[in-house]
Each structure stands twice: as C-alpha cells, then as structure tokens.
Amino acid sequence: MAERCTIRYFNYAALDIPLLTPFGISGGSQATANNVLVSLTLEDGTIGYGEAAPLPPYNGETQADVLEVYRSSMDWLVGQTFSDWKTLSLEFSKRYGHSCGSAQCGFEMALLDALTQRNKTSLWKFFGGNSTELETDMTVTTGTPAEGADAARAIIARGINQIKVKVGGAKGIAYDLERLKDIHAVAPHSPLIIDGNAGLSRAEARLLVDGLRSADIAPALLEQWLAKDDLEGMRDLGIYSGWLIAADESVSHKRDAEKVAHLKAAQVINVKLMKAGIVSALEIANVARINGIGLMIGGNVESILAMTVSACFAAGQGGFTFADLDTPLFLASNPFSGGYSLNGGKISVAHIKEGHGVIPL
C-alpha cells in the first residue's frame, strides 16, 4: 500500500518573464510569459515546484484564469491527505471541470516534484527511465521573410538542426511561402516543421502545399494547419500532401486522441502537458502508442521549470520522435537554477537526481 502524504502548504504567485522578442503564432503574439509559479509543501517539509503557462493565443487561457483556480483550491488542498497522486489529480480536475488545463498541469508538476524528491528519485526515472536525451527544434515565430531568415541563421549558429516555422498569420499564404523559401535558403539541410496553430482553411492549406512543392521544399512535419475540429480535413491534407501530419490543438484529452486514431487523421500527436495536465498527457501518449501514432513533446511559452518536466516526461517514457522544448531560449531572464542541459539541440536530464531539479533563485 502506498505511503500516505499530507499537504501542509500550497502557494502560488504570478511569474512574469519578458521575452527577447514577441512570440507570435497564427492567433496572436505575446511579449511576456505571463505564467504562475506554484509551490506545494508536504508534511515532512519537502517542497515541490510547478509552473502553469497559459497561452491566450493558443487556447484562450490566461494568467488570471490560473490565479482564480488556485485561489479556489487553497481551502480544500491544504491539509489534504492522500496515498495516490493520480487520485488527488482527478479530484483537482473534477472540481474545476477542465476549465484551465495549465493550472491542472502546474499543480501536478509541484505534486510530482515533491513526491519524487521525497522518494529520492528523479522525475525522468519516475516516468519510466527509458532515456535521458531528446533533440529539440527551435521556432521561427511569425514575422517578415527577412526576420525569418535571420532567425534561421541564429538557430543554425546555436547548433540546432531542426527548425519549426509558424505560419497562418494575417498576411496570407503567399507571404508565408516567401518566409519559408527564405528560411529554407538559409538552412537547406534543416528539417522543417511547419506549424499553423489551427489558423489555415482547407483551401489555404492546399495552396501552401502546392507552393512548397513548386519550391522543392519537403517538410518533415505539418503541424495542425486546420481548425481543431476538422479531423477529416486533417486526414485529407495528409493524403494530398504525402507528408507527415501532426495533431496539436485537436488533442487535449484521451477521447480526442481516440478520435484522431479512429479517423486516421494524423501520424503524430503533439503531447503538451499544459493542455490538460500530466495525467491526461499520459493517457494521450498511451492511446498514440496503442494505435501506432508517433509522439511529439511540446509546450506553451514556458520557463526552464516546465520545459524540464516535459523533457523528463518524454525522455523517461521514450519513443518521442519530435521535441519542441525551446521556449527558455526566448526568455530575457531565467529566475531559476537547475533544469535540463542543452548542447546545440541536444537536451539531457541525466544529471537530475531528485524531482525535476529546478528551484527559484
């Protein structure tokens, strides 16, 4: 029987970190990571840290939403005794009705950090211990063709090979195609992940595929070009293009992954812990494996804390072909010590001995 634990304290505070440049996707941009830092203290004094990273242009969640959830949770969480972290996570989810997945995630991160520290094991071992390394891409956000080319040069100079490009902005497909051509010219040997963040219509998607073919650009992955509910369109885009398709916004819960698998809509699912928390992410990854769907690990605009948890999650489980864990590189400051190590595009968590290894400065 699992040992019982009691939560002595539950604390949270706004975590606002300016970005070096605004992070733009098809739905908009933000100049500051408006996140929330969570800390959870067990009865033996062990403190676990988590981070909620809402991204309004992605799914509408805001920092205010997270803070409200945490304000509402303090009364029942403090003093809570439990023997199974998933049971406590389910209770948290039931109370807030999946109203804010990033709040769910931040709570679960803090809980698991405390529990794995208490058990003197690393988070990557907790998730399976299959590996300690991943290779991340780096993102070129929305902007001008010249800015895209400059960003690609900087990415290559860092030693990062795979490049992710955001498309679907207000200036249209022809503009995005020019950006992609300029990026490809700078980095012709870099695999391209092209991410639409659900911002393209079916017609626009076909136009962009045709333009890429004419430019002799074959992407490694097309990530969520179409609206999140258009799974038939997603499937047809894969057939039309002949390229790998990744579902992102379309999959936040197990039932979403099952729909994608049933319709054969995508060959890859982007698992983001911030969508609905860690329990949900584990369920999604399991559905993908059962159905032979590839795995990608991604995130919102997150600090080294949340990105390290995602790295432990993906490396520990193994089997993640794609990784998009680059957002700490976009932040103007790092208010933490510890976290994953990065050498070029190679992420390692091998040095982490207990928990996720990240603490506030």
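Some points to look at:
- Computed label-point distance, nm, for sites Y240 and N119 using a 7 Å Cα→Cβ extension: 4.7 nm
- Charge tally for V78 (other residues, Cβ to Cβ under 13 Å; Lys, Arg +1; Asp, Glu -1): 0.
- Highest to lowest packing among 110-118, 175-183, 299-307, scored as the average C-beta count within 10 Å: 299-307, 110-118, 175-183
- Sites A174 and E133 - FRET efficiency at Förster radius 51 Å, r taken between beta-carbons, to 0.05: 0.85
- Distant-in-sequence amide contacts of T121, defined by a placed amide H-H separation under 5 Å and a gap of 5 or more residues or a different chain, comprise G355.
- Length added when fully stretched, A332-T62, from 0.36 nm per residue minus Cα-Cα: 95.1 nm
- Cβ crowding within 10 Å ranks K272, K164 as K164, K272, fewest other Cβ atoms first.
- Spin-label model, R4 to N291: label points 7 Å out along the Cα-to-beta-carbon direction sit 4.0 nm apart.
- Long-range HN-HN contacts of Y12 with modeled amide H, under 5 Å: S39
- Amide H contacts under 5 Å for V271, placed H, 5+ residues apart: M296, I297, G298
- A cut-off under 11 angstrom between Cβ atoms defines the neighbours of V38, and their net charge, with Lys, Arg +1 and Asp, Glu -1, is -3.
- FRET efficiency, 1/(1 + (r/R0)^6) with R0 25 Å, evaluated for R158 and D216 via beta carbons: 0.45
- Taking a straight line from the alpha carbon of K125, these lysines sit under 20 Å away, with near neighbours fewer than eight places off in the same chain left out: K86, K272, K346, K353.
- Cross-link partners of K181 among lysines (Cα-Cα below 18 Å; sequence separation of 8 or more within a chain): K164, K166, K171
- Burial order of peptide ranges 29-37, 10-18 (average beta-carbon count within 10 Å, highest first): 29-37, 10-18
- Environment charge of C105, counting only residues whose C-beta is closer than 11 Å and scoring Lys/Arg +1, Asp/Glu -1: -2
- Contour minus Cα-Cα distance for R71 and I359 (0.36 nm per residue): 101.4 nm
- For the chain, the longest principal axis of the Cα atoms and the long axis of helix 202-214 meet at an angle of about 60 degrees.
- Label-point separation, H262 to N11 (7 Å along Cα→Cβ), nm: 4.7 nm
No lab work stands behind these numbers, since they all come straight from the coordinates. Quantities reported herein were computed from a predicted structural model and do not represent experimental measurements. Methodologically, a virtual Cβ is constructed for each residue, glycine included, from the backbone with ideal geometry; neighbour enumeration extends over all protein chains shown.
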